[in-house]
Structure formats: structure tokens, C-alpha cells
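> I'd like to ask some things about the structure below.
The values are calculated or read from the model by the stated rules, or taken from the named source; none is laboratory data. The shown structure was predicted, so the numbers you read here are calculated from the model rather than taken from an experiment. In this analysis, Cβ positions are derived from the backbone assuming ideal geometry, glycine residues included, and neighbour counts consider all displayed protein chains. For accessibility, only protein heavy atoms count, side chains too; no ligands or nucleic acids. Shrake-Rupley method; radii C 1.70, N 1.55, O 1.52, S 1.80 Å.
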Amino acid sequence: MPAPHPAPSLLPHPGKLSSLGGRLTLDRDTTVRALPGAEQAADLLRTLVGHPAGLPLTPSPDGRVVLALDDRLGGLGAEGYGLTVAPQALQLRAAHRTGLLRGIQTIRQLLPAEALSGRVTGGGSWELPCVEITDVPDRPWRGAMLDMARRFQPIGYLHRYVDLLALHKLNVLHLHLTDDQGWRMPVDAYPRLISVGSRRARSQKGPTGPDGAHFDAVAHEGHYTKAELRGLVRYAAERGITVVPEIEMPGHVRAALAAYPELGNHPGRQLDVWTRWGVCDTILGVHEGVFDFCRAVLEEVMDVFPSPYIHIGGEECPTTEWEDSPAARERAAALGLAGPADLHGWFMGRIGAFLVERGRIPLGWVENGAELPPEFTVMTWRDGTHARAAARRGHQVIAAHHRATYLDYAQSTDPSEPVAQPGAPVPLHTVHGYEPAPHDWPEEERARVLGTQVQLWTEYARTPEEIEYLSFPRLCALADRSWSGGSGDWPGFVERLRRHTARLDALGVPYRPLDARSLATAVSASPSAGTARLHL
């Protein structure tokens, strides 16, 4: 008698899963019936399932694999889906196209892991367990931020990263495109942002200075074309992922000031693109030419990125230059502000109002939960209490506490870990245990928390392999918890993750091995532990 097949091990775990018994076989004769509105989803099924598994999955009006949009399923929301796999047929239904895309990722995970590898030769067939699934995400924002300003990566890698996010049902790629150490998006109105701002010299001070500061000891450069970025946006949208661009202001702008010194508080000063990691005290001025620049840049950003949200940074903005600038002091006095430091809120308010006028939602980092105008959606990161403070003020919130979501920290204290951001580790259990909107909050405050995301700043992550090793399996943990919500089933997650690593292996993802240290709860750092990490 054959051994029973193990229960499906899906990540993230679906809301409702019932095993029906039996298996469905997909082979070269299997065809796909896409009902009206589901044709693009069927194309993605052929791309992500058919091609790697060596199956044509050709279109047919009587196909055994059926994809359907059904407006009677409106209760499943924009991303929910229903999937039935029976011995003779598969039916995937959703109220919206995005729900079909999420269901396709579940179909991928129901297949044997080797079917994902793209290394299948010849014909053959694949079996799926017969199941019935109804699945709806807990929160609408489940994302990953990737910092391209510090370490540029080619556009092809961003496509791969999108595919890894999609496999785990994450739906936002937050792309950090500008900072003190580099500017990666061309702006036609300001060409020196690329000719100067995208190139960083090798630091002459070595990796560590006498004051303990860290420097980049290797010259670095790179930028995307607008065509590449538009292609990335299309590629991600086909997989149900929104690309949210971030253009930093009024701080974290050293690369822009190296290109256009007149935008700063000392127009005659010539700066370099910063070779140091940390918080630079050179910031934008507050004269009208600066706002002309910001508006022109953001107009071009919005032309490339259709995302409802445009991230303008806003954090870690030392105001020393404003305090020392007669022009900034005069500006603050003319506006009736208490002092130059208050120009920060005024600056963000002007830019936020401009984005709102253009039909976009301004998004910014906050360091205390209360420093941005009410029209902003905010990302809280420095302290665990700030998400609730922002929600109480009426903000929509993405909670991303650095002690639970920053993947540039090491995964353990093991000396064999690669070089990472200084600070206590952020282990796997801590990421899975993170609750962006705890259940003891009032419901009206919990409702304002859109979700969460991981962050990977790249001062110390130089290559795609290093990015993925730092990301996995911790990204799996955030994906599981942010989709499923609830109190978190750590033992169940560990069991599913052990089997999920076969999929990561098939896709060639380097990840931290699941040894006793990585799976132990005792080494997990509390979200309130450690020193607040700067956005370097």
C-alpha cells in the first residue's frame, strides 16, 4: 500500500484549507480555460507554472484548469481567492484579478518543489494534492523595502526579487532610489543627478575611520533608465505587486547636492557623493528653487511609477544647517514658526500637498509618530509605540519596527554570519512574532494599520547573494504572519518552513540554514531591545 502523501505545506498559511483526498495530474495534455477577465492570469500561470514544469498549459474552451472572475465572491476582497483541486479538474476563482494571481502562487506551492526549478527536461507529469482553499490576507500592505541607493543592483535582479516576493504573496516592493550615497533614477530636467549623483568614489579613509565611522572602501556607481523602471513596474503589476518609489528629502540628499550645490544651504560649496555610512548633516535649503526642483523630480517620478503612494523619506534630517542659515532663519520667522527646526514639518507639508493635488498619497518615515501632516501615510520604525501614536492621530500606518523588520541586522550571534549592520541580531522568531497592530488596541486604531514590511538597507549587502541570504528565511516569516495575522503559530510555521526550503533550493535562493540556533525562541530579541538603528 503506498504511503500517504503529506498534507500541503503552504507559506503563507491559507485561511481555510481542507484536504479532499486524491491527486490531480497535470501533464502535457492539460489545458486551461480562462473565463472573461482571467486571460492575463492564465498567461502568468503558463509563465510561472507551465514553463518551469515543462507543461504547455495551452488555452482551451474545455480545459480542466479553470480560472474565473466571479463578482459573487466580493467578500474575499481584492486579494482573496477560492481554489478547488479535484482529481479531474482545478478551479481557481476570485472577485478580482489580483486574487487570481495570489491563487496561482498557491498552485505553484502545491506542486513538487522541483517543478519550480525550470530545469525539467522532456515531458512528464506532476501531481497536486486535492484540496479546497479559501484564502484572504489579514492586512492590505505586505511589503519589502530594498535599498538601491547604497548598493546598485541591475534591473534583472529586481525582477528576480519581485518574483520571490510574489511567491510569498507580498504585494509591495518599496524601492529606495536616492540617498546621500547615490541617486539611481534619471530626471530629464536635472541630468547631473545621474552624471554626478550616481557615482561614488572609493573612500580614502578605509572601511573604518578613527571615530568609529564606517566608510565605503570601494568605488561604486549605477543607475536605471526610465524604460527599465517602467518595465519593472509592468513586470511587478503582472504579479500583483505595486512598486513604491522613495525619493528622499529634505535630508539624505548629499548625492543631489553634489550634483546641484545651489539646492543646499551653502550654494558655493562643492560636495562629493558621500562615501560614509551614517546620517549626513547636509540638507536641502528652503528657498523656492528647492521646491521647483522637488516638484520637477516628483513629476517625473509619478510619470514612471503609477503607485498611489509616493515615498519622500523625511526622516533623520539634522536641522543644524537651517539653524546656521540666515535665509532659513528668516524663512522660519516669516512663516511664524518657533524656529528653523519647525521648517521640517512645513517642508514636508508643502511637498505632501503637491502630491495630494496630483492624486497621490504622500508617504514618509516618522521617528516619533507625530511629526508629519495628517494627509501622510506614515511608516513607523524607531520605537514600537510610534505606530499606535500615529494611528491615534488618524494616520494610516505601515508599522515596520526596526527590531523586528530590519533584515540588514545579522540573524544570529554566530561568528560565521556575514558582515551585517552593527547591533543585536534580529532572529527568525522575532520577525514571525511581530504584531504590527496588537489585538489589545482599540479596533479603530488597529484598522488604521495597513500592514508591515521588511527593510533591507544595503551598506553591508553588496551582492544579490548577500541580499538573499539576509532576506531568507526571515522574509518568509514576515510573509506568513502578515498574510495570516492571528497570534502566530510558531511550531506550525517552523514545520512548514522546513519543507518550504525545498522550494527555495529549487529557485537557487541562498538562505540561512534552519539549524537549532535559527529556530530557537530563546535567542529572539524583543522588539524593544537594542539601540535604535539609524537609517544610515
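> Calculated from DSSP H runs of 4 or more alone, at -39500 (n - 2.57) each and per residue, what is the 222 nm mean residue ellipticity of the chain, nearest 500?
-8500 deg cm²/dmol
> With a sphere of radius 11 Å drawn around the Cβ of Leu165, what net charge do the other residues whose Cβ falls strictly inside it have (Lys, Arg +1; Asp, Glu -1)?
Every neighbour counted, the sum reads +3.
> Could I ask something else about it? For a bin width of 10 Å, list the pair-distance distribution of segment 5-121 built from all Cα-Cα distances, rounded to whole %.
Per 10 Å bin, starting at 0, the Cα pair percentages come out as 14, 48, 35, 4, 0.
> From the mean inverse distance of alpha carbon pairs (Kirkwood) and the Cα radius of gyration, derive Rg over Rh for segment 321-369.
Reported Rg/Rh (Cα atoms, Kirkwood Rh): 1.06.
> For segment 322-349 and segment 83-142, write down the distance between their C-alpha centroids in whole Å.
When both Cα centres are located, 55 Å separates them.
> Residues of segment 428-447 with amide nitrogen under 14 Å from the 7 Å Cα-to-Cβ point of Ser487?
439-440
> Mark the label point 7 Å from the Cα of Ser117 along Cα→Cβ and return the residues of segment 476-511 whose backbone N is within less than 12 Å of it.
It comes to 502-508, nothing else.
> Right, another one. Any idea what the dipole of the chain comes to, in debye rounded to 20, about its Cα centre with Lys/Arg Cβ at +1 and Asp/Glu Cβ at -1?
With Lys and Arg at +1 and Asp and Glu at -1, about 1100 debye.
> Let me ask something else about it. For the charge dipole of segment 278-361, defined by +1 on Lys and Arg C-beta atoms and -1 on Asp and Glu C-beta atoms about the Cα centroid, which residue among Pro306, Pro340, Ala296 has the Cα displaced farthest towards the positive pole?
Pro306
> Where Lys and Arg each count +1 and Asp and Glu each count -1, what net charge lies around Asp216 among other residues with Cβ under 14 Å from its Cβ?
Around Asp216, the surrounding residues sum to +3.
> Oh, and also: Which percent, nearest 5, of DSSP beta bridges in the chain are antiparallel?
About 35 percent, rounded to the nearest 5.
> Quick one: compute the contact order of the chain, relative version, from alpha carbon pairs under 8 angstrom and 6+ residues apart, as a percent.
14
> Using R₀ = 41 Å, calculate the FRET efficiency as 1/(1 + (r/R₀)^6) where r is the Cβ-Cβ separation of Gln40 and Leu335; round to 0.05.
Calculated transfer efficiency: 0.25.
> I've got another one for you. Is any residue of segment 45-72 close enough, with backbone N under 15 Å, to a label point placed 7 angstrom from the Cα of Glu132 along the Cα-Cβ axis, and if so, which?
No residues fall inside that zone.
> Provide the per residue accessible area, probe 1.4 Å, for segment 151-289, rounded to a whole number of square angstrom.
Using a 1.4 Å probe on heavy atoms only, each residue of segment 151-289 averages 34 Å².
> How charged is the neighbourhood of Val233? Take every other residue with its Cβ under 12 Å from the Cβ of Val233, and add Lys/Arg as +1 and Asp/Glu as -1.
+1
> Per the 1.4 Å probe, what fraction of the accessible area of the chain, in percent, lies on carbon and sulfur atoms?
Within the chain, the accessible surface is 53 percent carbon and sulfur.
> Could you provide, to the nearest whole Å², the per residue accessible area of segment 100-141 with probe 1.4 Å?
That works out to 34 Å² for each residue.
> Given bins 10 angstrom wide, list per bin the percent of all Cα-Cα distances in segment 156-294, short to long.
Whole-percent P(r) values from 0 Å outward: 12, 35, 31, 19, 3.
> Which loop-located trypsin sites (Lys or Arg not before Pro) does segment 105-201 contain, where loop means any DSSP state but H, G, I, E or B and the Cβ has at most 11 other Cβ atoms within 10 Å?
In loop regions of segment 105-201 (DSSP not H, G, I, E or B), the sparsely surrounded trypsin sites (Lys or Arg not before Pro) are Arg119.
> Run the numbers for Ala447 and Asp281: contour at 0.36 nm per residue of separation, minus the present Cα-Cα distance, in nm.
56.1 nm
> Oh, and also: For segment 338-399, take the alpha-carbon Rg, divide it by the Kirkwood Rh, and send me Rg/Rh.
0.98
> Spin-label point model (7 Å from Cα, Cβ direction): what's the Asp272 to Ala7 distance in nm?
Using points 7 Å along Cα→Cβ, the separation is 5.9 nm.
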